[in-house]
Ligand code: CA
């Protein structure tokens, strides 16, 4: 064992003593803690996973190529045929669209094939002991104990990803407690079993509890007029379809935009990449995972599974977004330059987009809120 591991273990034991004390105060029984104990052990691999996460950055084309593969489309279509009865039943019960259930299932776990093999108790304990967002993961660990207490699973059956996401739809424990359902009525919300029925129904319940509107498309690819004001893009801004039509925003096949209420224009890879007009349901997908690219991938896959001949325009070659670490540096530099991003977490949210747009306007650039390596270099030299 290396020195680092010894140290990690020592710190872990100290955290564990504190956790047991906090949990006991919150009413967690001795018996429950005893069941969990064999899994509350240090596992340095979990932290490596967490820190490697931020090294990659893909533009929307590269992301869709990776997530919505031909294999995933054809597998999904086969699942649609094989599981039609159960999918339609679940979709009918929860009033969601079966192709969207399938798409989330496909993107999250490749239709149940990759559900994760980590002990969720071990993963969460390690993330709670030492990581950014430690308090968040400690709450998830306590929620995982509640799952055992409620007899949905035994401690040894709580398996999932290194980040504690479980089952067919990769629910974190707090989401499980709020949204998992026992669709086959055997007394357990079993999202872990090979039989996906509870897992799929739980995804459906999650969507319906987040105000999914049945039969509303997630969105479409759009084409923007030459004089389009790119400062109006981003999921945080919603506009009337009538106004977008009046501005000359069209669907990619050059028809008027269909009207499903207030919509957002997205340019996930900036002004030179593809544009989308997205509806209320897109925002529901973002509650599952807040990354715009994730929402577009789920939406696009659901279209393909429904048999739509959907095709998305490609980004120009070489268009590379910043990695999370670069983004965090970018945020720090922007703030120093007088464009306050309200923090430097490495994620592009509304505050960062606003600050970046102000900077782009100031520099006479297209205010699309998309950070590139060239912009980062420029800031490094000027700040
Ligand atoms: Ca069940």
> So, in nm, how far is label residue 117 from label residue 33 when the simple model puts each one 7 Å beyond its Cα toward the Cβ?
Replying inline: 3.2
> Once the Cα atoms of the range 30-82 are picked out, what are the Rg and Dmax in Å?
Replying inline: 19.6, 51
> Cα extents of the range 219-305 along the three principal axes, largest first, in whole Å?
Replying inline: 33, 22, 20
>> Under a crude label model (7 Å from the Cα following the beta-carbon direction), how far is residue 229 from residue 177 in nanometres?
In response: 4.5
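To the nearest 0.05, what FRET efficiency results for residue 85 and residue 157 with a Förster distance of 22 Å applied to their C-beta separation? List each step's numbers first, then the result.
On the way: r = 27 Å, r/R0 = 1.24.
It comes out at approximately 0.20.
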>> Can you tell me how the range 1-133 classifies by the Cα gyration tensor, rounded, prolate or oblate, using a/c under 1.5 as the rounded cut?
In response: oblate
> Going by alpha carbons, how many degrees (0 to 90, nearest 10) lie between the helix axis of 84-94 and the longest principal axis of the chain?
Replying inline: 90
> Angle, helix 373-382 long axis vs. longest principal axis of the chain, Cα atoms, 0 to 90°, nearest 10?
Replying inline: 90
> If one computes P(r) from the Cα atoms of the range 324-382, what percent of pairs lie at distances over 16 Å?
Replying inline: 29
> Where in the range 139-158 does the label zone of residue 53 land, with the point 7 angstrom along Cα→C-beta and an amide N cut-off under 18 Å?
Replying inline: 139-144
> Roughly what angle does helix 98-109 make with the longest principal axis of the chain, taking Cα atoms, 0 to 90 degrees, to the nearest 10?
Replying inline: 60
>> Using Cα springs under 10 Å in a Gaussian network model of the chain, which residue among 20, 104, 191 shows the largest mean-square fluctuation?
In response: 20
> Between residue 332 and residue 110, how many nm apart are label points set 7 Å from Cα along the C-beta direction?
Replying inline: 3.7
> Rounded if a/c is under 1.5, else prolate if a/b beats b/c, else oblate: with a ≥ b ≥ c from the C-alpha gyration tensor eigenvalues square-rooted, which is the chain?
Replying inline: oblate
> When each pair of different Cα atoms in the range 157-215 is counted once in the 1/r mean, what is the Kirkwood radius in angstroms, to one decimal?
Replying inline: 11.6
> Over the Cα atoms of the range 259-383, what is the Rg over Rh ratio if Rh follows Kirkwood?
Replying inline: 1.01
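Values quoted throughout were computed directly from the atomic coordinates according to the rules given, and no laboratory measurement underlies them. Note that this is a predicted model, so its numbers are computed, not measured. Glycine gets a Cβ as well: all are built from the backbone with ideal geometry, and neighbour counts include every protein chain shown.
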